[in-house]
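This report concerns only the one structure given below.
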Amino acid sequence: MTTSTALLLADLTGVAVFAASGASAAVAKRLDLFGVVFVGFVAALGGGIFRDLAIGEVPPLAFADWRYAATAALTATAVFWLHPQLARLRTTVLALDAAGLGLFTVTGTIKALDAGVPPVGAGVIGMLTAIGGGLGRDLLTGEIPVVLRREIYAVAALVGAVAVVVLDLLGQAGPVPLTLAAGLVFGLRLVALRRRWSAPVASLRPPRPGAPDAF
């Protein structure tokens, strides 16, 4: 299997995983079939669309290659009809979401590097590719985006993107090292969920009695 084929399969797998995640969130909000498919589409392809626009690939793959849109739509439709069974698989859905996070981080970073984006910029694009769909999903369903909350989500994607950049600089950006980088994101996300790791949050202390009001 060539690297390009492996990246395509990883991309489509990530699309399916995030479409399922977005569709599940839409079903929970009692959206109709169109709403479920639309949210699934945004969750699956929003990050990739941003990535392609950032690197100047127009039209984005989500619109240029029918396999991306078809994978997202079919997966979201399946979730709409099968959601009673999927509702009992919350742990599995979280694991799949973590897998999608790892896959999109790797493919997004590699595509940015291949397009000539400098290492730092490629890492940022890789991270945003991974979290962009989830950001759109949460905004459409009226939730505070996961990436802005305490959970280790965007940080896991950033760590994976840095790993891909370092591997590329060392000339080790082959299928096996990149799979390990995706596994790093996947493992970090799952461990963070299990151990309830979180990023620091500002402490809002009530003002002392008699203290002047702050502007």
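Remarks
- Length released on extending from V166 to A64, taking residue separation times 0.36 nm less the Cα-Cα span: 33.7 nm
- Computed E for W81/V120 - FRET, C-beta separation, R0 30 angstrom, nearest 0.05: 0.10
- Per residue, the solvent-accessible area of the chain (1.4 Å probe, heavy atoms of protein chains only, all protein chains present) comes to 55 Å².
- L158, L103, reordered so the largest accessible area comes first (probe 1.4 Å): L158, L103
- For the range 73-79, 3J(HN,Hα) per residue [Karplus equation, 6.51 cos²θ - 1.76 cosθ + 1.60, θ = phi - 60°, Hz, x = Gly/Pro]: 5, 5, 5, 5, 5, 4, 5
- Spin-label pair T179-R196: with each label point 7 Å from Cα along the Cα-Cβ axis, the two points sit 3.6 nm from one another.
- Computed over the range 4-48: relative contact order in percent, which uses C-alpha pairs under 8 Å that are six or more apart: 44
- Nonpolar atom fraction for the chain, defined as the carbon and sulfur part of the 1.4 Å probe accessible area, stands at 68 percent.
- Charge dipole (Cα centre; +1 on Lys/Arg Cβ, -1 on Asp/Glu Cβ; no other charges) of the chain amounts to roughly 900 debye.
- Karplus (6.51, -1.76, 1.60) ³J(HN,Hα), θ = phi - 60°, over the range 119-133, in Hz, Gly and Pro reported as x: x, 5, x, 5, x, 5, 4, x, 5, 5, 4, 6, 9, x, x
- Surface accessible to a 1.4 Å probe, I125 within the full protein complex, Å²: 20
- Accessible-area order (highest first, 1.4 angstrom probe) of the listed residues R51, R67, R195, R30: R30, R195, R67, R51
- Protein-only accessible surface at a 1.4 angstrom probe places the residues K29, K111 in the order K29, K111, largest first.
- Shape analysis of the chain places it in the oblate category; the axes a ≥ b ≥ c from the Cα gyration tensor give an a/c of at least 1.5, with a/b not above b/c.
The values are calculated or read from the model by the stated rules, or taken from the named source; none is laboratory data. Being a predicted model, the structure only gives us computed values, none of them experimental. We place every Cβ from the backbone using ideal geometry, glycine too, and count neighbours over all the protein chains shown. Surface accessibility is based on the protein's heavy atoms, side chains included, excluding ligands, DNA and RNA. Shrake-Rupley method; radii C 1.70, N 1.55, O 1.52, S 1.80 Å.
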